[in-house]
């Protein structure tokens, strides 16, 4: 679904005079600055890629300097571009208000989020559903990925990652902590017995991430936490970890907020094997200023806070 935006006339005067940028050109910069890509901006505005490029060039001529720098995977605002973006946001807000006869601004647009599988399913999805109930004009695209924060966030508005990220020209917000513990299905533990010590884990297979494909340092835990366990079923998707553990593939190192939902899973060595990790949200500064994005961020933060005990595995003893 393309983002909604005020219409832009392709035949507008491209050079209104040095020092007096066109409002239409500022709106093009706004679209490019939000997505980091000409193609995404063109889709949002109903233009073609060439027109977007031409308007940016005209804006740079009027302002007397570059507003965008080319980076890997897209475009990044310069200092002048960030200054111009503030004016573009004011133009956008004014046009939207006029289009609605001066009524209170209705939030609308697409917010694109990248987050881990478990976070997307159990935290982001209910949070954005609540946003949609309040603001039907906002739609959200959720891309699931377990990876480090992107160096360039082209095509994304928000990223949720595990572990504190090192970011450049972006803001990192700590959302909250969650815990991993070792789990086994009741049937599996009845058949193979329950380990009594960490040393006993050498006899059990582990269900966890594929070591060679793991991109997040904070999740590279198995060698330190359960060093003697051999791999059983490995996957890049944590939902696979949960279901493979439930099916008896071995003992799974699982997030408590996911595993504790299943009464057939029991904690193993609960006092000895526990890992505490953190979720962080990353976004461009200019992206966080968008009202629809701010609404989604507020809803996600509220959902994480509401789920704090669940995330830390404090909702009763499952051992």
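Derivation of every value follows stated rules applied to the coordinates shown; laboratory data play no part. Keep in mind it's a predicted model, so treat the numbers as computed, not measured. Heads up, the Cβs are rebuilt from the backbone with ideal geometry, glycines too, and the neighbour counts pull from every protein chain shown.
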So how far, in whole Å, is the C-alpha centre of region 262-276 from the one of region 36-59? 52
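Compute the relative contact order of region 186-245 as a whole-number percentage, counting only Cα pairs closer than 8 Å that sit 6 or more residues apart in sequence. Can you show the working numbers first?
Working: 51 pairs, mean separation 24.3, N = 60.
Once divided by the residue count of region 186-245, the mean separation gives 40 percent.
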So how far, in whole Å, is the C-alpha centre of region 183-217 from the one of region 280-319? 29
State the extension gain, in nm to one decimal, for the chain segment bounded by residue 80 and residue 211, taking 0.36 nm per residue of separation less the distance between their alpha-carbons. 42.8 nm
Assuming R0 = 30 Å, can you tell me the calculated FRET efficiency for the pair residue 69 and residue 309, based on Cβ-Cβ distance, to the nearest 0.05? 0.10
Extending each Cα 7 Å along its Cβ direction at residue 236 and residue 50, get the distance between those two points in nm, one decimal. 3.7
So between residue 271 and residue 173, what do we pick up on full extension, going 0.36 nm a residue minus the alpha carbon distance? 32.3 nm
Rounded, prolate or oblate (a/c below 1.5 giving rounded, otherwise prolate when a/b exceeds b/c) for region 19-128 by Cα gyration tensor: oblate
Rounded to the nearest 500 deg cm²/dmol, what is the calculated helix-only ellipticity per residue at 222 nm for the chain, with -39500 (n - 2.57) per DSSP H run of length n ≥ 4? -10500 deg cm²/dmol
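Report relative contact order for region 23-99 in percent, whole number only (criteria: Cα-Cα under 8 Å, sequence separation at least 6). Each step should come with its number before you reach the end.
Values: 81 pairs, mean separation 27.6, N = 77.
After rounding, I find 36 percent.
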Cα shape, region 178-276, gyration tensor, a/c 1.5 rule: rounded
Measure nothing but the geometry: give the 0 to 90° angle between the long axis through the Cα atoms of 291-306 and the longest principal axis through the Cα atoms of the chain, rounded to 10°. 20
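Residue 141 to residue 203: extension gain in nm, 0.36 nm per residue of separation minus the Cα-Cα distance?
Working: separation 62, 0.36 × 62 = 22.32 nm, distance 4.27 nm.
Answer, rounded to one decimal: 18.0 nm.
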Roughly how many nanometres apart are two label points built 7 Å out from the Cα toward the Cβ at residue 132 and residue 298? 2.0
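Taking 8 Å as the Cα distance limit and 6 or more residues as the minimum spacing, I'd like the relative contact order of the chain as a percentage.
On the way: 573 pairs, mean separation 63.3, N = 319.
Normalised by residue count, the contact order of the chain is 20 percent.
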Quick calc, residue 93 & residue 247: beta-carbon distance into FRET formula, R0 51 Å, rounding 0.05, result 0.45
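Pull out a ≥ b ≥ c, the square roots of the eigenvalues of the alpha-carbon gyration tensor of the chain, then state rounded if a/c is under 1.5, prolate if not and a/b is larger than b/c, and oblate in the remaining case. Please report the intermediate quantities before stating the final value.
Details: a/c = 3.36, a/b = 2.46, b/c = 1.36.
Taking the square roots of the gyration eigenvalues as a ≥ b ≥ c, the chain is prolate.
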Mind ranking 179-192, 23-36, 128-141 by how tightly packed they are, going by the mean number of other C-beta atoms within 10 angstrom, highest first? 23-36, 179-192, 128-141
Between 0 and 90 degrees, rounded to the nearest ten: what's the tilt of helix 79-99 against the longest Cα principal axis of the chain? 80
